[in-house]
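In what follows, a single structure is set out as structure tokens and then discussed.
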Amino acid sequence: MKFKKHISILLLLLVVSFGFSQVKFEAKVSKKTLGVNERLRVDFEMNQDGDNFNPPSFSGFVVVGGPNQSVSNSWINGKRTYKKTYSYFLAPKKRGDFLIEQASINIEGETYKTIPIKITVTAAVDKPRDPNDPDYLVSENIHLVTEVSKTSPYLNEAITVVYKLYVSPSINLYDIDVLDIPKFNDFWNQEIKMKELKLENGSYQGEDYNYVVYKKVVLYPQKIGKLDIEPLSLNVVAAVPTNRRDIFGSRIMTRVNRTVSSINRTISVKALPESGKPVDFTGAVGSFSFKVTTSKTQLDATESLQAKIEVSGKGNLKLFNLPKISLPSSLEVYEPEHTENVRTNLDGMQGSIADNYTIVPQYKGKYPIPSISFSYFDLETNSYKRLSSSEIVIDVQEGPVNSSESSNSVVSSGVKQRIVLNNDQFKFIKTKTDFVAINAAHFFKTNLFWSLILFPFLAIPLAMVIRKRKASRAADIYGNRIRKADRLARKYLSKAKKELGTKEAFYIALEKALHNYLKAKLHIETSEFSKERIMTLLHDKGVEAEAITSFNSILESCELARYTPITHVTMQEDYNKAAKTIALIDKQAR
């Protein structure tokens with residue numbers, strides 16, 4: 001009986017110890033129900049290190065922070081406890097039920113996945129107004145404002161929209177990312193490019209503030225009535241002061257991620273007045289000048305000239321049609337070439353547009369280009385204006401005479417004339433060639449013929465050698481694993497180069513490259529990584545102390561970079577240092 005009891009206890013201990021040795025990979029959330037104005041923290045925890053971590057898509061949320069990586073590794077009574085965590089901070093896009101889908105990771109050659117978690121997003125909730133709460137301080141001291149130059153414009157009248165981010169002097173602004181940009185439906189829009197964001201002094205609601213002009217857009221409304229200018233949403237990273245102080249008496253700052261949005265603006269677009277609207281009005285609104293010019297007024301038949309219809313000034317230059325030219329049928333006219341020389345600034349479009357016609361007269365005579373008119377709506381006088389060109393006469397001095405008209409008379413534009421062809425009309429077509437016969441040599445029994453016959457027989461031994469080498473390489477399991485890890489290291493190092501400028505992604509890729517390089521070079525698994533072990537193994541392989549120290553410093557940079565501000569220059573230096581150190585270790589290691 002006692003023997004059976006001891007067997008049961010032994011089996012229980014074995015089961016318990018087996019349970020503690022199992023791999024655990026799970027997802028945890030800060031809350032399962034939250035308001036649309038709150039943030040959600042998601043942690044992916046594992047008790048053994050792994051590779052190729054793939055987070056879910058976070059559908060229905062915007063990632064405003066992360067991934068932040070933390071590692072805990074301790075020994076208690078001879079027992080090792082390890083925990084690695086990837087943390088994300090999410091902001092919901094709208095109300096509803098959403099699913100934090102499965103994340104996956106490879107640990108010791110196996111793929112592990114988390115269990116999906118259901119999250120419910122409710123309407124916005126009231127947050128306590130705690131003056132010591134960093135989120136409350138950010139909400140009260142950072143404001144995104146939409147400034148509209150005119151709230152009641154005419155149809156096709158330019159308005160300017162400027163988005164300004166106001167920041168209290170007590171707040172330090174670290175970073176700004178766009179979360180959602182306005183669509184500007186029912187507007188023709190043109191963004192004004194800015195070279196850099198410049199911090200300026202200003203005031204907000206009567207208080208001193210700093211502000212940044214983040215975006216400038218020129219809009220031309222394309223329909224009448226009430227139109228919405230959608231809000232701009234930004235994710236800002238800021239440092240706010242706390243009540244704690246350092247040893248020098250200065251306030252300790254804490255970093256906060258927050259979504260800032262401007263309010264929805266509505267404008268009322270007025271229709272252009274019907275009273276006095278010209279019949280040929282095509283939608284031009286602004287202040288313009290109009291002219292019709294020709295490259296020449298005297299020429300011979302079959303020569304060409306250019307007639308240019310041009311409108312210049314300030315207004316919706318790209319949004320209306322130019323008037324058409326009307327010419328006598330004896331003048332051959334080609335489709336016009338449209339040209340634009342328009343620049344857009346905060347005052348709207350300025351410059352000129354033109355239609356260039358190529359005209360070829362067929363007969364001798366004088367041909368009129370009648371007066372052309374152009375109408376537009378003038379915003380200064382709120383009335384329609386008409387501009388007209390002068391009549392231009394084209395004098396064709398030499399050429400065939402039209403049988404139905406006198407050569408000295410002015411040809412009417414309403415009568416179609418028969419075109420008389422002269423003997424030189426098709427002179428450019430050649431009727432004789434200089435081709436000569438080519439006597440090609442026979443292909444049969446040539447050197448090329450015999451080479452193609454013998455090539456398959458010569459290729460058989462070569463194919464056998466290649467196949468034998470390939471089989472030998474495939475049988476080398478250990479070498480293949482090393483080559484695979486080495487290729488993976490180069491892959492992650494190239495990925496780190498692509499991520500230069502994006503701090504979190506860059507340092508995650510750089511750290512993975514270093515880890516995979518060690519796996520390939522030292523033949524150790526990720527779970528065996530520690531500074532002491534790395535130093536010992538590299539030293540045993542003959543690597544100099546300077547290279548070992550440099551390698552460890554890069555790993556430390558990867559860990560610290562997630563919690564400190566990093567510039568693009570620093571990231572470039574870390575990348576160059578990593579590449580140089582890997583090359584140095586590869587050269588020195590035996």
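Looking at LYS216, LYS223, LYS183, LYS195, which is the one that is modelled with pLDDT of 90 or more and either surrounded by fewer than 16 Cβ atoms within 10 Å (Cβ to Cβ) or farther than 17 Å from TYR163 by Cβ (or both)? Every option except LYS223 fails the conditions.
Of the strands (runs of 3 or more DSSP E) lying entirely inside region 346-406, those containing at least 3 residues that are out of contact with any Lys or Arg (no Cβ under 7 Å at 6 or more places or on another chain) and surrounded by fewer than 20 Cβ atoms within 10 Å (Cβ to Cβ) are 348-361, 383-388. Any chance you could count how many residues in region 264-298 are surrounded by 12 or more Cβ atoms within 10 Å (Cβ to Cβ) and closer than 30 Å to LYS164 by Cβ? Number satisfying all stated conditions: 8. With respect to VAL71, determine if the residue is modelled with pLDDT under 90, of a type in the set (A, V, I, L, M) and either assigned to a strand (DSSP E or B) or more than 30 Å from ARG265 (Cα to Cα) (or both). When the stated conditions are applied, VAL71 passes them. Scanning region 154-196 for residues that are touching a Leu at 6+ places or on another chain (Cβ under 9 Å), farther than 17 Å from ASN264 by Cα and part of a loop (DSSP other than H, G, I, E, B) turns up LEU155, ASN156, GLU157, ALA158, SER168, SER170, ILE171, ILE192. When THR160, THR111, THR120 are checked against the criterion of being closer than 23 Å to ASP228 by Cα and polar (S, T, N, Q), THR160 stands alone in meeting it. Here GLY66 passes the criteria (1) in contact with a helix residue (DSSP H, G or I) (Cβ under 8 Å, 6 or more places away or on another chain); (2) on the phi < 0 side of the Ramachandran plot except the one numbered (2). Among the residues of region 70-85, those that are in contact with a strand residue (DSSP E or B) (Cβ under 8 Å, 6 or more places away or on another chain) and surrounded by fewer than 18 Cβ atoms within 10 Å (Cβ to Cβ) comprise SER70, VAL71, SER72, ASN73, SER74, TRP75, ARG80, THR81, TYR82, LYS83, THR85.
Return the only residue of ASP135, ASP175 being of a type in the set (Asp, Glu), surrounded by 15 or more Cβ atoms within 10 Å (Cβ to Cβ) and under 27 Å from GLY501 (Cα atoms). Selected residue: ASP135, the only one of ASP135, ASP175 that is of a type in the set (Asp, Glu), surrounded by 15 or more Cβ atoms within 10 Å (Cβ to Cβ) and under 27 Å from GLY501 (Cα atoms).
The values are calculated or read from the model by the stated rules, or taken from the named source; none is laboratory data. Keep in mind it's a predicted model, so treat the numbers as computed, not measured. Virtual Cβ from ideal backbone geometry, glycine too; neighbours counted across all protein chains shown.
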